[in-house]
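The values are calculated or read from the model by the stated rules, or taken from the named source; none is laboratory data. Model, not experiment: these values are computed from the prediction. Because the Cβ atoms are built from the backbone with ideal geometry, glycine has one as well, and the counts that use them run over all protein chains shown. The protein model used for the area step is the full one, side chains on, heavy atoms only, and it has no ligands, DNA or RNA in it. Shrake-Rupley method; radii C 1.70, N 1.55, O 1.52, S 1.80 Å.
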Amino acid sequence: MRTYEFWADKAAGLSIRNQAFIGGQYVDALSGKTFSSINPATAESLVQVAECDGADVDLAVKVARDAFEDGRWSNMHPAQRGKRLMRLGDLIMEHREELALLESLDMGKPVSDAMAIDIPGCARAIHWYGEAADKLMDEIAPTDPSALAMVTREALGVIGIVVPWNFPLMMACWKIGPALAAGNSIVLKPAEQSPLSILRLAELASEAGIPDGVLNVLPGFGETAGQALGLHMDVDMIAFTGSTQVGKLFMQYSGQSNLKRVSLECGGKSPHIITQDCPDLDKAAAAAASAIFFNQGEVCTAGSRLLVDRAIKDEFMEKLSRASASHVVGDPLHPDTTMGALVEEGHMKRVLGYIDTAKAEGATLTLGGTRTEGRAGYFVDPTIFDDVTPDMTIAREEIFGPVLSVLTFDGEEEAIRIANDTIYGLAAAVWCRDISQAHRMARALRAGTVWVNCWDPTGDMTVPFGGFKQSGFGRDKSLHALEKYTDLKTTWIQL
Ligand code: NAD
């Protein structure tokens, strides 16, 4: 296992890419402006980063459009595109330590999680779409024999990708993989809190043979660079991951501009249901704790609403309390740390605000509930509220921090009613031995993913990921993701 000293030494010698990446070159923002990238674990500035705005977006979109039109990538043999993506996946793994460290320093997650989960997940996504690039067949429609009608999938053109800060590189790779495999060009805006790993990835993509101009990265703020990308008349599609609130803005930008396609991976308030028939309460309690404390609770699919059947409630809460004790807040570079810092001061204050509201509304605090003592950065202790009712603010709004709301139900019907009583529909889980009940409940839950007797067990790329209701639409992962980066064309030939 790598020690704290190993990571601290590596951090001291790190060379950080801090400029925009346009047309295969690192460049300053046209305005010359920069912003500070803060390490949330220390509250200190790591580096000044180019602050791109509308002018840089215009330039990058033009570069991406030129690359698309001259066919340097869009007309390359799909097997060649696949090979280069495979090489990029390999390079991600070769630079795993550097990328994991950048991720941890920039947004506060434990470096050990970034090493074990984020970076291998990024490589897996890029490899997966690299392998898929030349395995996609088009269709011949079953028309009258006097005609030949081909239904082909064509790349859209220039894709604007806008991603959040909780899994900066992984959210980017889930989109870059299929968008590039299909032959598109990209202008990507990372979250302002976490641009560093993606800026380094751009250079690795060049090294892997992805031609200049095909993958451009513009660090900057949502209200400027993000909005300019959303409103741009020459961007064909926006692939967005982030909050529901900003997702709605991208729908508006599309309507106000060129009706660009939009796919939205937004927020969640996922229910985690423990029935009386749960096959293993210890396992379920461990899963319930990691479902909310992993990545400091900054996970779109966080199991933030735990629904427990009254008949097993007391026994389960004891097990949950034991399982929660293994989630340790600490320095993200320390190998024993399982929970790092929240991404920024404003977000920490927001999470602490929800804790105050929960107390005021009458929920019972059973664990944590405070900022972690003795640390300069933005750490919050793992927090559990019991006696939460479905109308309370913490049962309804996405907190995006380590705060679990425990609700009690009597029987299957009530569990489903409470679980579905939300504007979101990203994920859900049910623990239940009886196969009929498990299927019945899985079918009744309104969510893009339902786990049975587990919580988010794998980073498997073969299954689609995305939401129902205000958690968004469009899917990442699996071959279905390719649908959103392509359009169908019918070519009808009269014979
Ligand atoms: P956010 O919506 O504030 O920001 C996401 C991105 O949008 C950032 O790059 C930001 O700069 C940009 N943005 C912000 N305001 C904008 C504007 N006015 N115009 C254009 N762009 C703008 O979200 P966040 O705080 O970075 O991330 C947390 C959210 O992301 C949570 O709601 C979480 O559930 C969601 N999320 C969803 C998934 C998923 O796959 N469904 C995955 C991870 C995170």
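Laid out as a table, the results:
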quantity	calculated
Answer from PRO390, PRO457 - the residue that is in a loop (DSSP other than H, G, I, E, B), open to solvent by less than 70 Å² (accessible area, probe 1.4 Å) and more than 16 Å from the ligand (Cβ to nearest atom)	PRO390
Residues satisfying the stated conditions in the stretch 251-284, i.e. crowded, with 24+ Cβ neighbours inside 10 Å and in a helix (DSSP H, G or I)	ALA284
Residue within the stretch 140-157 that is in contact with a helix residue (DSSP H, G or I) (Cβ under 6 Å, 6 or more places away or on another chain) and within 28 Å of LEU488 (Cα to Cα) present	yes
Conditions (1) more than 9 Å from the ligand (Cβ to nearest atom); (2) without any contact (Cβ under 8 Å) to a residue 60 or more places away in the chain; number of the one not met by GLU223	(1)
Selection from the stretch 412-445 of residues that are within 15 Å of the ligand (Cβ to nearest atom), of a type outside the set (Ser, Thr, Tyr) and farther than 11 Å from ILE273 by Cβ	ILE423, GLY425, LEU426, ALA427
Qualifying residue in the stretch 193-214 (condition: open to solvent by less than 10 Å² (accessible area, probe 1.4 Å), within 14 Å of the ligand (Cβ to nearest atom) and either in a strand (DSSP E or B) or assigned by TED's automatic domain parsing to the domain that holds ARG305 (or both))	no
Unique match (being part of a strand (DSSP E or B) and either in contact (Cβ under 8 Å) with a residue 24 or more places away in the chain or in contact with a Gly (Cβ under 7 Å, 6 or more places away or on another chain) (or both)) among LEU479, LEU488	LEU488
Where a residue in the stretch 242-267 is farther than 15 Å from PHE473 by Cα and its partner, wherever it lies, is near the ligand (Cβ under 7 Å from one of its atoms) and open to solvent by less than 20 Å² (accessible area, probe 1.4 Å), with Cβ under 6 Å and at least six apart	TYR253/GLY230
Residue in the stretch 238-268 that is nearest to LYS189 (Cα to Cα), counting only those that are hydroxyl-bearing (Ser, Thr, Tyr) and within 6 Å of the ligand (Cβ to nearest atom)	THR241
Which listed residue is assigned to a loop (DSSP other than H, G, I, E, B), among the acidic types (Asp, Glu) and under 16 Å from PRO178 (Cα atoms), from ASP144, ASP134	ASP134
Cross-chain or 6+ apart pairs with Cβ under 8 Å, the stretch 51-62 first and in the same structural domain as ILE159 (by TED's automatic domain parsing) and on the phi < 0 side of the Ramachandran plot, then open to solvent by 40 Å² or more (accessible area, probe 1.4 Å) and basic (Lys, Arg)	GLU51/LYS33; ASP53/LYS33
Sole residue being touching a His at 6+ places or on another chain (Cβ under 8 Å), within 16 Å of the ligand (Cβ to nearest atom) and not assigned by TED's automatic domain parsing to the domain that holds ALA100, chosen from GLY353, GLY401	GLY401
The stretch 215-242 - residue that is small (Gly, Ala, Ser) and assigned to a helix (DSSP H, G or I) and, of those, nearest to LEU482 (Cα to Cα)	GLY230
Set ALA172, ALA116, ALA123: member being out of contact with any Phe, Trp or Tyr (no Cβ under 8 Å at 6 or more places or on another chain), closer than 30 Å to GLU5 by Cα and free of Cβ contacts under 8 Å to residues at least 24 places away in the same chain	ALA116
Unmet requirement for VAL328, which otherwise passes all of (1) at pLDDT 95 or above; (2) farther than 30 Å from ASN184 by Cα	(1)
Options VAL162, VAL187, VAL235, VAL158; residue that is among the β-branched types (Val, Ile, Thr) and within 11 Å of the ligand (Cβ to nearest atom)	VAL162
Exclusive hit being in a helix (DSSP H, G or I), crowded, with 24+ Cβ neighbours inside 10 Å and within 17 Å of the chain's Cα centre (by Cα), set GLN245, GLN296	GLN296
Any chance THR301 is within 12 Å of the ligand (Cβ to nearest atom) and either more than 29 Å from TYR354 (Cβ to Cβ) or β-branched (Val, Ile, Thr) (or both)	yes
Matching option when the condition is in a helix (DSSP H, G or I), at pLDDT 95 or above and open to solvent by 10 Å² or more (accessible area, probe 1.4 Å), among TRP174, TRP165	TRP174
Verdict on ALA239 being open to solvent by 10 Å² or more (accessible area, probe 1.4 Å), in contact (Cβ under 8 Å) with a residue 12 or more places away in the chain and among the aliphatic types (A, V, I, L, M)	no
Members of the stretch 304-343 found to be within 16 Å of the ligand (Cβ to nearest atom), under 30 Å from ILE416 (Cβ atoms) and in a loop (DSSP other than H, G, I, E, B), listed by number	SER304
